[in-house]
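Structure first, commentary second.
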Amino acid sequence: MSLVRCGKNLIIATMKTHLNTDGVNKMSTFKKLTSSIFNALEMAGRAKTLAHLEGLSDRTLEDLGFSRALMSQGVQAWPWKVDTELAAQTASTDSNEISAAIKELEAYNDRDLADLGISRGEIREAVVHGRKDVDSAHAA
């Protein structure tokens, strides 16, 4: 048996199997060991992925289909994805809200738009991404 250190806390054990009178027991032990190692590596990968995803913005997570609420439950809540039908409905609602906001702003006169700090040509950009240097963090 040999031990190999991988990462901070994960130790992988490998062993050679020799067939003899109790070869079945050794093979069963080897399969259990292999399965345990596979599960440990998979959980470590999920933890690393979770750590990376936690660093992303809410908007990016939403675009990718991940739920921050599920992510807060840890690796046990894998795959942290929201229901696809619900996500599609939310995207449709967001699209409808964006369209409504654009139509509303297009109905304003140039003076009102200037008071808001946007020109007629910037309406769509302002609704989708926010006004430059004003509220880009709060955009749709």
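Some points to look at:
- Whole-Hz Karplus values for the stretch 94-108 come out as 4, 4, 5, 5, 5, 4, 5, 5, 5, 4, 4, 5, 5, 7, 6 Hz, taken residue by residue from phi with 6.51 cos²θ - 1.76 cosθ + 1.60 and θ = phi - 60°; glycine and proline positions read x.
- Computed from phi, the 3J(HN,Hα) profile of the stretch 60-74 under the Karplus parametrisation 6.51, -1.76, 1.60 (θ = phi - 60°) reads 5, 4, 5, 4, 7, x, 8, 10, 5, 5, 5, 5, 5, 7, x Hz, with x in place of Gly and Pro.
- Using a Förster distance of 35 Å, the FRET efficiency for residue 94-residue 54 (Cβ separation, nearest 0.05): 0.90
- For the stretch 49-59, 3J(HN,Hα) per residue [Karplus equation, 6.51 cos²θ - 1.76 cosθ + 1.60, θ = phi - 60°, Hz, x = Gly/Pro]: 4, 4, 4, 5, 5, 5, x, 8, 6, 4, 5
Bear in mind these aren't lab numbers, they're just calculated from the coordinates by the rules spelled out. Because the structure is a prediction, the values reported are computed rather than measured. Cβ sites come from the backbone with ideal geometry, for glycine too, and all protein chains shown count toward neighbours.
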